[in-house]
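Asks: Could you have a look at this structure, given as structure tokens, before my questions?
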Amino acid sequence: MQGWENWEAATRDDQVPIYTFWHNRVFLSTYFWQKRRIVVMTSQSFDGEYIARFIQRFGYGAARGSSTRGAVGAIIEMTRLMRAGLSTAFTIDGPKGPRYVAKMGAVLLAKRLASRSCPSRLRRSTFGRRNGVGTAFRFPCHFHALVLDIAPPIYVSADTNDDGLEAKRDELQAALDEINARFGKDHRDVNQPRADIR
């Protein structure tokens, strides 16, 4: 485990963090962070419905929405739940990708609450794969070590303007990229180009 002090910083002074991780790590993240009263934004797609039902078995809540549909309503619901003391989480590149490109949802939510996002990545030394829409899910294999890395929290103030929000998204992207580089990307992802979504 690396960076647990960053989780402690993100939760200091009774703050509830916004967890962010890549979409294809949802099963690993679900296993590790279970039963911590976390609400996850899941898309309104078929994959999103599958994920919502799966994570609810581990004690999570699900706010349905994505960058293309239902996002505003989901952000409002997540804001309400965070004010009630629940943490939230985003698969930050979304179910349709582009893979490993951070979207704005977590940054916008952090601004509404003047809160902190908590970028993290989990992996196992061995994993299985299940192809999905726009990604390939990783799920844990038995008897292999779980590795957790948490980046320093990213704070977004309530008065952050549009340029500042873009800068915070880039900061979140850089934090997750740095974690990927530290662990080494999966061999099938190394040569995949990153699209510019701005």
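The values are calculated or read from the model by the stated rules, or taken from the named source; none is laboratory data. All of these numbers come straight from a predicted model, not from anything done at the bench. All Cβ positions, even for glycine, are placed from backbone atoms using ideal geometry, and neighbour counts span all protein chains on display.
Asks: For segment 37-46, which positions are crowded, with 19+ Cβ neighbours inside 10 Å and touching a strand residue (DSSP E or B) at 6+ places or on another chain (Cβ under 6 Å)?
Replies: From segment 37-46, those crowded, with 19+ Cβ neighbours inside 10 Å are 38-43, 45; that's our starting set.
Within segment 37-46, Ile38, Val39, Val40, Met41, Thr42 meet the criteria.
Asks: While we're looking at this one, here's another question. Of everything in segment 111-125, what is over 13 Å from the mean Cα position of the chain (by Cα), over 14 Å from Val39 (Cβ atoms) and buried (at least 24 other Cβ atoms within 10 Å of the Cβ)? Give them in sequence order.
Replies: Matches in segment 111-125: none.
Asks: What number goes with the only condition from (1) out of contact with any helix residue (DSSP H, G or I) (no Cβ under 8 Å at 6 or more places or on another chain); (2) under 19 Å from Pro119 (Cβ atoms); (3) of a type in the set (Phe, Trp, Tyr) that Tyr60 does not pass?
Replies: Every condition holds for Tyr60 apart from (1).
Asks: Out of segment 35-59, which residues are of a type in the set (Gly, Ala, Ser) and not in a helix (DSSP H, G or I)? If you could, list the steps in order and put the result at the bottom.
Replies: Pass one, segment 35-59, residues of a type in the set (Gly, Ala, Ser): 43, 45, 48, 52, 59.
Correct list: Ser43, Ser45, Gly59.
Asks: Here's something else I'd like to know. Could you identify the single residue in Tyr19, Tyr100, Tyr60 that is hydroxyl-bearing (Ser, Thr, Tyr), on the phi > 0 side of the Ramachandran plot and surrounded by 17 or more Cβ atoms within 10 Å (Cβ to Cβ)? Quick ask: steps written out before the conclusion?
Replies: Values: Tyr19 fails: on the phi > 0 side of the Ramachandran plot; Tyr60 fails: on the phi > 0 side of the Ramachandran plot.
Being hydroxyl-bearing (Ser, Thr, Tyr), on the phi > 0 side of the Ramachandran plot and surrounded by 17 or more Cβ atoms within 10 Å (Cβ to Cβ) holds for just one of Tyr19, Tyr100, Tyr60, which is Tyr100.
Asks: Filter segment 78-95 for residues that are crowded, with 19+ Cβ neighbours inside 10 Å and modelled with pLDDT of 90 or more and give the result. Steps first, answer last, please.
Replies: Within segment 78-95, the subset crowded, with 19+ Cβ neighbours inside 10 Å is 78, 82, 87-95.
Hits for segment 78-95 are Met78, Met82, Ser87, Thr88, Ala89.
Asks: Condition first: of a type in the set (Lys, Arg) and either touching an Asp or Glu at 6+ places or on another chain (Cβ under 7 Å) or at pLDDT 80 or above (or both). Now tell me which residues in segment 29-72 satisfy that. Outline the logic, then answer.
Replies: Here is the first cut: in segment 29-72, the residues of a type in the set (Lys, Arg) are 35-37, 53, 57, 64, 69.
Of everything in segment 29-72, those that are of a type in the set (Lys, Arg) and either touching an Asp or Glu at 6+ places or on another chain (Cβ under 7 Å) or at pLDDT 80 or above (or both) turn out to be Lys35, Arg36, Arg37, Arg53, Arg57, Arg64.
Asks: I've got another one for you. Pairs, please: C-beta under 9 Å, at least 6 apart or cross-chain, first residue under 18 Å from Tyr60 (Cβ atoms) and without any contact (Cβ under 8 Å) to a residue 60 or more places away in the chain and in segment 3-25, second of a type outside the set (Phe, Trp, Tyr) and assigned to a helix (DSSP H, G or I)?
Replies: Filtered contacts from segment 3-25: no entries.
Yes/no matrix, rows are residues, columns are (1) farther than 20 Å from Arg99 by Cβ; (2) exposed (fewer than 14 other Cβ atoms within 10 Å of the Cβ); (3) modelled with pLDDT of 50 or more:
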{"position": "Asn131", "(1), (2), (3)": "no, yes, no"}
{"position": "Ala145", "(1), (2), (3)": "yes, yes, yes"}
{"position": "Ala151", "(1), (2), (3)": "no, no, yes"}
{"position": "Gly164", "(1), (2), (3)": "yes, no, yes"}
{"position": "Arg169", "(1), (2), (3)": "no, no, yes"}
{"position": "Asn180", "(1), (2), (3)": "no, no, yes"}
{"position": "Val190", "(1), (2), (3)": "no, yes, no"}
{"position": "Pro193", "(1), (2), (3)": "no, yes, no"}
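Asks: Moving on to the next point. Ser87 versus (1) out of contact with any Lys or Arg (no Cβ under 9 Å at 6 or more places or on another chain); (2) within 22 Å of Glu8 (Cα to Cα); (3) not β-branched (Val, Ile, Thr): which is the lone unmet condition?
Replies: Checking Ser87 against (1) out of contact with any Lys or Arg (no Cβ under 9 Å at 6 or more places or on another chain); (2) within 22 Å of Glu8 (Cα to Cα); (3) not β-branched (Val, Ile, Thr), the one that fails is (1).
Asks: While we're on this one: Give me the pairs: first residue in segment 50-64 and free of Cβ contacts under 8 Å to residues at least 40 places away in the same chain, second residue of a type in the set (Gly, Ala, Ser) and not in a strand (DSSP E or B), beta-carbon distance under 7 Å, and six or more apart or on different chains, which are they?
Replies: Ala62/Ala52; Ala63/Ala74; Arg64/Gly48; Arg64/Ala52; Arg64/Gly70; Arg64/Ala74
Asks: Of everything in segment 75-91, what is on the phi < 0 side of the Ramachandran plot, in contact (Cβ under 8 Å) with a residue 12 or more places away in the chain and out of contact with any helix residue (DSSP H, G or I) (no Cβ under 8 Å at 6 or more places or on another chain)? Give them in sequence order. Can you show your working first?
Replies: Let us first name the residues in segment 75-91 that are on the phi < 0 side of the Ramachandran plot, namely 75-84, 86-91.
Narrowing further to those that are in contact (Cβ under 8 Å) with a residue 12 or more places away in the chain: 75, 77-79, 81-83, 86-91.
Answer for segment 75-91, where residues must be on the phi < 0 side of the Ramachandran plot, in contact (Cβ under 8 Å) with a residue 12 or more places away in the chain and out of contact with any helix residue (DSSP H, G or I) (no Cβ under 8 Å at 6 or more places or on another chain): Glu77, Leu81, Leu86, Ser87.
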